[in-house]
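Notes follow the structure.
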Amino acid sequence: MIIAIDGPAGVGKSTVARQLASRLGYLYLDTGALYRAVAWRTLRSGIDPTDSKQISALLPALSIQMLFQNGAMLVLVNDVDVTNELRTPDVTAAASIVSAIPAVREWLLPVQRQIGQRGSVVAEGRDIGTKIFPSAPIKFFLEADATVRAERRHRELVAAGHHASMEKTYQDLSGRDERDRTRAVAPLVPAADARLIDTSSLRIEDVVEQMLAAVAAVS
Ligand code: C5P
């Protein structure tokens with residue numbers, strides 16, 4: 001059983017996906033972490049994130065593993081635990097760029113599907129319902145006003161100790177959205193059979209309850 005959750009940055013996907021997975025006893029698959037891991041390797045190798053040729057050449061020697069331990073997820077790149085280095089502003093910006101490279105998406109497809117085979121999974125990303133698990137029985141697409149999403153992301157950054165202005169946060173988020181929505185391969189669009197939820201004025205727990213009701217209705 002796969003539950004697919006897609007949507008733009010700052011819409012609350014990770015938080016609701018993690019809570020939904022925990023309430024249902026499912027595995028939580030954060031696919032953004034995989035793109036972040038590729039971005040981390042790219043930066044660590046001194047490669048420009050826009051250099052698709054060099055990044056493609058790096059893929060055959062790349063190994064990314066996700067370990068799930070007591071509800072937490074660890075990401076290993078060539079056996080090194082990089083989990084705590086994946087959410088820095090540099091990696092975030094690079095992930096948005098490398099994720100538009102077709103070879104990267106192709107390389108990560110079987111990685112995601114293999115994790116999906118482990119059983120009941122709540123998978124969250126940008127193309128889960130359209131490309132990775134198109135036959136998932138339940139799909140959600142979350143949306144929210146861009147200003148609301150930037151405010152949420154700004155609060156997260158400040159709480160994590162990063163210095164970021166609201167204006168810069170808004171610009172970064174809008175730039176990532178634009179790239180995700182307009183890229184040639186697997187752009188961010190709702191699957192035809194996805195349930196749309198606008199989270200602009202909803203609390204996290206209300207979104208999770210709405211999702212649980214939808215899951216109960218199809219099980
Ligand atoms: O969700 P998160 O912000 O961690 O994702 C990092 C980046 O990876 C996003 O900006 C997006 O460009 C990309 N991504 C993607 N497809 C996914 C998950 C993430 O293109 N399924």
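The values are calculated or read from the model by the stated rules, or taken from the named source; none is laboratory data. Given the structure is predicted, the values throughout are model-derived calculations rather than measurements. Cβ sites come from the backbone with ideal geometry, for glycine too, and all protein chains shown count toward neighbours. SASA here: full protein model, heavy atoms, side chains in, ligands and nucleic acids out. Shrake-Rupley method; radii C 1.70, N 1.55, O 1.52, S 1.80 Å.
Which condition from (1) open to solvent by 30 Å² or more (accessible area, probe 1.4 Å); (2) in contact with a strand residue (DSSP E or B) (Cβ under 9 Å, 6 or more places away or on another chain); (3) within 13 Å of the ligand (Cβ to nearest atom); (4) not small (Gly, Ala, Ser) is the one that LEU67 breaks?
Result: LEU67 fails condition (3) only.
Go through the stretch 122-177 and give me each residue that's under 24 Å from LEU108 (Cα atoms), of a type in the set (Phe, Trp, Tyr) and part of a helix (DSSP H, G or I).
Across the stretch 122-177, there are no qualifying residues.
Suppose we filter SER120, SER99, SER63 for residues that are touching a Phe, Trp or Tyr at 6+ places or on another chain (Cβ under 7 Å) and over 16 Å from ASP6 (Cα atoms); which single one remains? Explain how you work it out, then say what you get.
Numbers: SER99 fails: over 16 Å from ASP6 (Cα atoms); SER63 fails: touching a Phe, Trp or Tyr at 6+ places or on another chain (Cβ under 7 Å).
Every option except SER120 fails the conditions.
Between a residue in the stretch 187-206 that is under 15 Å from GLU124 (Cα atoms) and any residue that is open to solvent by 60 Å² or more (accessible area, probe 1.4 Å) and not in a loop (DSSP other than H, G, I, E, B), which pairs come within a Cβ distance under 6 Å, given they are 6 or more apart or on different chains?
Going by the 6 Å Cβ cut-off, the qualifying pairs are PRO187/ARG181; LEU188/ARG181.
Have a look at LYS13, LYS53 and point out the one that is under 19 Å from LEU74 (Cα atoms) and either modelled with pLDDT of 95 or more or within 11 Å of the ligand (Cβ to nearest atom) (or both).
Being under 19 Å from LEU74 (Cα atoms) and either modelled with pLDDT of 95 or more or within 11 Å of the ligand (Cβ to nearest atom) (or both) holds for just one of LYS13, LYS53, which is LYS13.
Is there a residue being charged (D, E, K, R) and in a strand (DSSP E or B) anywhere in the stretch 81-97? So that I can check it myself, show each step before the final result.
The initial filter retains those residues of the stretch 81-97 that are charged (D, E, K, R), namely 81, 85, 87, 90.
Checking the rest, the ones that are also in a strand (DSSP E or B) come to 81.
Yes, the stretch 81-97 has at least one match.
Among ILE47, ILE64, ILE3, which is the only one that is of a type outside the set (Asp, Glu) and farther than 20 Å from ARG113 by Cα?
Working: ILE64 fails: farther than 20 Å from ARG113 by Cα; ILE3 fails: farther than 20 Å from ARG113 by Cα.
Only one candidate qualifies: ILE47.
When you scan the stretch 181-219, how many residues do you find that are assigned to a strand (DSSP E or B) and loosely packed, with under 12 Cβ neighbours inside 10 Å? Walk me through it before giving the result.
Taking the stretch 181-219 as the starting set, the residues that turn out to be assigned to a strand (DSSP E or B) are 195-198.
Then keep just the ones that are loosely packed, with under 12 Cβ neighbours inside 10 Å; that gives 196.
Result for the stretch 181-219: 1.
Would the stretch 24-42 turn up any residue that is under 19 Å from PHE68 (Cα atoms), surrounded by fewer than 22 Cβ atoms within 10 Å (Cβ to Cβ) and of a type in the set (Asp, Glu)?
Within the stretch 24-42, one or more residues are under 19 Å from PHE68 (Cα atoms), surrounded by fewer than 22 Cβ atoms within 10 Å (Cβ to Cβ) and of a type in the set (Asp, Glu).
Consider only pairs whose beta carbons are under 6 Å apart and that are at least six residues apart or on different chains; among these, list those whose first residue lies in the stretch 86-114 and is near the ligand (Cβ under 10 Å from one of its atoms) and whose second residue is assigned to a loop (DSSP other than H, G, I, E, B).
What qualifies is ALA94/PRO49; ILE97/PRO49; ILE97/THR50; VAL98/PRO49; ALA100/ARG183; ARG105/VAL185; ARG105/ALA186; GLN112/THR31.
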